[in-house]
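Computed from the coordinates by the stated procedures, all read-outs in this text should not be read as laboratory data. Predicted model, so just to flag it, every value in this text is computed and none were measured. Cβ atoms come from the backbone with ideal geometry, glycine included; neighbour counts cover every protein chain shown.
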Amino acid sequence: MEEGQNTGGLLGVISKYREIISYIFWGGMTTLVSWVSYSLFELAFQKWDQEFQIFGLGLQLDVFLASLLSWVAAIAFAFVTNKLWVFGSRQWKPQIVIPELLRFLSARIVTGILEVFAVPLLVGMGLDQTVFGVEGMIAKAAVSVAVVVLNYIFSKLFVFRNGREDG
């Protein structure tokens, strides 16, 4: 390989894919916040081992509440980290941050509905393996993969487009 063909090397690759690398890192941290808070909420609510019906499907109350509250915790963490360190939106003027927050919440509500209902649905369908004493963690992991991909697409295309330093 001739000199100059490897322009930038590893630093060039990191620079070229900075946004995706950053999203994967902060997405991993958000997933960790979601999983840890899910575990804590599930353990806290496991005495509420009651079933309720939605659309004819039996869902466990403790799993449903743990999914809902872990989603809320992850949303708060994800907005700040995505805004600042993934998509470089450093504007905090109300005319920038309020529309970003509303678009972010709208997109996350879509994927949140998927997460909140898909986890207990998958648990109800038999993907109910317990990991480290926490029911439904395999279902939680499966749904998390789909949610991370969808959240990146929504954030990239719709949410953080006006507050970037370069735009």
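What to note about this one:
- Gain on full stretching of the segment that runs from V80 to K93 - 0.36 nm per residue minus C-alpha separation: 3.2 nm
- With at most 10 neighbouring Cβ atoms within 10 Å, loop GluC sites (Glu not before Pro) (DSSP) excluded, longest segment of the chain: 4-164
- Part-to-part distance (alpha-carbon centres) for segment 69-124 and segment 10-66, which is given in Å: 12 Å
- Scanning the chain for DSSP H helices at least 15 Å long along the axis (C-alpha atoms) with a Kyte-Doolittle mean no lower than -1.0 picks out 18-45, 61-81, 94-124, 137-154.
- Of the trypsin sites (Lys or Arg not before Pro) found in segment 1-94, the ones in coil according to DSSP and having at most 15 other Cβ atoms within 10 Å of their Cβ are K47, R90.
- Along the chain, the exposed loop sites are chymotrypsin sites (Phe, Trp or Tyr not before Pro) outside DSSP states H, G, I, E and B with at most 13 other Cβ atoms within 10 Å, and the longest stretch free of them is 93-131.
- When you restrict to C-alpha pairs under 8 Å that are six or more residues apart and normalise by the size of segment 17-159, the relative contact order lands at 25 percent.
- Once the Cβ-Cβ distance of A44 and I20 is raised to the sixth power relative to R0 = 35 Å, the FRET efficiency obtained is 0.50.
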